[in-house]
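*Asks:* Mind looking over this structure? Questions follow.
Nothing in this text is a laboratory measurement; each read-out follows from the coordinates by a stated rule. Remember, it's a predicted structure, so these values are computed and weren't measured experimentally. Ideal geometry is used to build each Cβ from the backbone, glycine not excepted, and the neighbour counts take in all protein chains shown.
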Amino acid sequence: MDANRIPVHIGLIMDGNGRWAKKRLMPRSFGHNAGMNAMIKIAERAKEIGVKYLTVYTLSTENLLRPEEELEGLFGLFRKYFTKNVQKLYNSGAGIKVIGDISVLPADVQKLLSDGEKNSPEGCGFWLIFAINYGARAEIVRALNLAIEKGEKLDAKALEEMLYTRGIPDPDLIIRTGGEMRLSNFLLYQAAYSELYFTNVLFPDFDEKEFDKAIKEFAGRERRFGKI
């Protein structure tokens, strides 16, 4: 791959875990477990090829309306895999960021996420960003309310400083697996000029080869940002 054509920031909508499990006559938790393994492999591949930021849509604000049993299973997987892999990330020169309102999550999950950010090494070359209890509309409303509280008149730059993603470049590429062709309330402001890539591959089957295919298609596109 041409290093000059590698996206700096990739957003990843990991869709299809439940359908993947259903095809195998297994519970949804089986699919979420497979999806977690797939996410780890994609993060490793992204870092390997020179991506600087990977934002994974882990849990949307709407996902919190799912059955309590499924949510607890998701939090259980997060506890297991986060604890197991966080030090490995640090040792490889990677860090963790979190976007979204984590205040409503279980206390131990909040602590895992907060500690993950706080303990990330200085000057990381790669950042794995968890969008958890995240919704783009809620993010924009939150930013506007912050501006009102401060009595500030917003321009684009000031608004961007009040978003969860302040200091993070906009995504160059957003990938969605699972066959759906929408953003589902993910990084709506930041995605103004993102390239979009949709695939029918269900997320647990979205391996490094499929990821590379998305990168190669991105590399072949001409980005004009509204210009001729």
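*Asks:* Specify the residue with the greatest mean-square fluctuation among Ser103, Ser29, Ser194, computed from a Gaussian network of the chain linking alpha-carbon atoms under 10 Å apart.
*Replies:* Its mean-square fluctuation being the largest, the pick is Ser103.
*Asks:* Let me know the charge dipole size of the stretch 125-197 about its Cα centre in debye, to the nearest 20, where only the beta-carbon of Lys, Arg (+1) and Asp, Glu (-1) is charged.
*Replies:* 180 debye
*Asks:* Glu208 to Glu68: FRET efficiency via 1/(1 + (r/R0)^6), r the Cβ-Cβ distance, R0 30 Å, to the nearest 0.05?
*Replies:* Values: r = 34 Å, r/R0 = 1.14.
Efficiency, rounded to the nearest 0.05: 0.30.
*Asks:* Next question. For the stretch 155-228 and the stretch 48-83, what is the separation of their C-alpha centers, rounded to whole Å?
*Replies:* 18 Å
*Asks:* Next question. Do the sum for the chain: with -39,500 (n - 2.57) for every DSSP H run of n ≥ 4, divided by all residues, what is the mean residue ellipticity at 222 nm, to the nearest 500 deg cm²/dmol?
*Replies:* Mean residue ellipticity at 222 nm (helix-derived): -14000 deg cm²/dmol.
*Asks:* Who wins for biggest fluctuation among Arg176, Arg137, Arg66 in a Gaussian network model of the chain, springs between alpha carbons below 10 Å?
*Replies:* Arg66
*Asks:* Under the rule a/c < 1.5 gives rounded, and otherwise a/b versus b/c splits prolate from oblate, where does the stretch 84-204 land using the Cα gyration tensor? Display every interim value, and only then the final one.
*Replies:* Values: a/c = 1.59, a/b = 1.10, b/c = 1.45.
It comes out oblate by the Cα gyration axes.
*Asks:* Calculate, for Asn4 and Phe225, the FRET efficiency according to 1/(1 + (r/R0)^6) with r their C-beta to C-beta distance and R0 25 Å; round to the nearest 0.05. Before the final figure, lay out each step's value.
*Replies:* Numbers: r = 17 Å, r/R0 = 0.67.
Computed FRET efficiency for Asn4 and Phe225 comes out at 0.90.
*Asks:* Next question. Among Ala46, Ser60, Ala138, which residue has its Cα positioned farthest towards the positive end of the charge dipole of the chain, with +1 placed on the Cβ of Lys and Arg, -1 on the Cβ of Asp and Glu, and the dipole taken about the Cα centre?
*Replies:* Value computed over the given set: Ala46.
*Asks:* Okay, moving on. Quote the charge dipole size of the chain about the Cα centre in Debye, to the nearest 20; the model charges only the Cβ of Lys and Arg (+1) and of Asp and Glu (-1). Walk me through the numbers before you get to the answer.
*Replies:* Working: 33 positive and 31 negative charges, 76 e Å.
Dipole of the chain, to the nearest 20 debye: 360 debye.
*Asks:* Between (i) 25.2, 91; (ii) 17.3, 52; (iii) 17.4, 55, which matches Rg and Dmax of the Cα atoms in Å calculated for the structure shown?
*Replies:* (iii)
*Asks:* Okay, next question. When only Cα pairs under 8 Å and 6 or more residues apart are kept, what is the percent relative contact order across the stretch 102-222?
*Replies:* About 21 percent, as a whole number.
*Asks:* Relative contact order of the chain, please, whole-number percent, based on alpha carbon pairs below 8 angstrom and at least 6 residues apart. Each step should come with its number before you reach the end.
*Replies:* Working: 335 pairs, mean separation 67.2, N = 228.
Answer for the chain is 29 percent.
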